[in-house]
1. Would you point out which residue out of K64, K44, K94, K27 is farther than 27 Å from S132 by Cβ, out of contact with any Gly (no Cβ under 6 Å at 6 or more places or on another chain) and of a type in the set (K, R)?
2. I'm checking my understanding of the structure. Among residues of the stretch 185-215 that are among the aliphatic types (A, V, I, L, M) and outside any helix (DSSP H, G or I), which one is surrounded by the most Cβ atoms within 10 Å (Cβ to Cβ)?
3. Can you tell me which residue within the stretch 170-179, out of those that are basic (K, R) and open to solvent by 90 Å² or more (accessible area, probe 1.4 Å), is modelled with the lowest pLDDT?
4. So E51 fits all but one of (1) within 20 Å of G130 (Cα to Cα); (2) exposed (fewer than 15 other Cβ atoms within 10 Å of the Cβ); (3) under 26 Å from the mean Cα position of the chain (by Cα); what number is the exception?
5. Considering only residues that are free of Cβ contacts under 8 Å to residues at least 60 places away in the same chain and in contact with a helix residue (DSSP H, G or I) (Cβ under 6 Å, 6 or more places away or on another chain), look in the stretch 125-160 and name the one that is farthest from Q29 (Cα to Cα).
6. Suppose the filter is open to solvent by less than 60 Å² (accessible area, probe 1.4 Å) and either farther than 14 Å from R160 by Cβ or in a helix (DSSP H, G or I) (or both); does L182 pass it?
7. Select from the stretch 125-169 the residues that are closer than 27 Å to P209 by Cβ and not in a helix (DSSP H, G or I) and write down the one among them that is most open to solvent (accessible area, probe 1.4 Å).
Amino acid sequence: MRYFPINLDIHGKPVVVGGGGTVAARKCQTLLAAGALVTVIAPKVTAPLRELAGKGRISHIARKYTRGDLAGSFLVFASTDSKLVNRAVAKEAKESGILADVVDAPDQSDFTSPAVISRGGLMITISTGGESPALARKIREELEERYGPEYSELIKILGRVREKLLTEKRKSSYNKNLLLTLVEQDLPALLKKRSAAEIDSLLRKLCGPGFSLAELGMGEKDKE
């Protein structure tokens, strides 16, 4: 296994993206979703990046990268259209102890960015170690069909059931078995149908009184 898989908290941390093209734009969207403070360094940027800069969501330094631009960064993405510039960014990052992703040279990177499916608290990542981004994209598209938006609600329900069970101080072995049983139910299908009555019935059957969408703070759902 070449890479160590990890979920990294970058909320509020400074990240530099070198380059202003479509690859840089995709990186910025993912970084912003994770709460990073993003600075893009590029003479010109795409329309989506200009819009983000105009709204103050990213900082844009409208010139070529120069040595020293990475000072204070937590992570760096070298995604310019120049191999020489990308190598220079990687060199400064290495000398400064900053982890860098050189998008056109995984072998010179400290990490690579996997394809991502995000469904609220559920995150699924697919990586080919930089060998075949096309295959990673294909697998991601297949998984997006399998794990739809309903899984975002499922994660919330399971999390709140677990929290309520812990609050009631039931035995941990009981909680574990109950949660496993709940996961094995076809809750995603019920959520997809927006069948609140059936979901409430299932929750009360398995967990007992006090367990319904409303009592878990999930709000009103459309009923059939």
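The values are calculated or read from the model by the stated rules, or taken from the named source; none is laboratory data. Only a predicted model underlies this, so the values are computations on that prediction, with no experimental measurement involved. Here Cβ is always computed from backbone atoms with ideal geometry, including for glycine, and neighbour counts include all displayed protein chains. Each accessible area value is taken on the protein alone, full model and side chains, heavy atoms only, with ligands, DNA and RNA left out. Shrake-Rupley method; radii C 1.70, N 1.55, O 1.52, S 1.80 Å.
1. Numbers: K44 fails: out of contact with any Gly (no Cβ under 6 Å at 6 or more places or on another chain); K94 fails: farther than 27 Å from S132 by Cβ; K27 fails: farther than 27 Å from S132 by Cβ.
Exactly one residue qualifies, and that residue is K64.
2. L213
3. Among those that are basic (K, R) and open to solvent by 90 Å² or more (accessible area, probe 1.4 Å), it is K171.
4. (1)
5. It comes out as L154.
6. When the stated conditions are applied, L182 passes them.
7. Filtering first and then ranking leaves K169.
Each row is one residue, and each column tells you yes or no for (1) surrounded by fewer than 18 Cβ atoms within 10 Å (Cβ to Cβ); (2) over 21 Å from the mean Cα position of the chain (by Cα); (3) over 25 Å from K44 (Cα atoms); (4) aliphatic (A, V, I, L, M).
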site	(1), (2), (3), (4)
T66	yes, yes, no, no
G72	yes, yes, no, no
S79	no, no, no, no
N86	no, yes, no, no
S96	yes, yes, yes, no
L99	yes, no, no, yes
A105	yes, yes, no, yes
V116	yes, no, yes, yes
G120	yes, no, yes, no
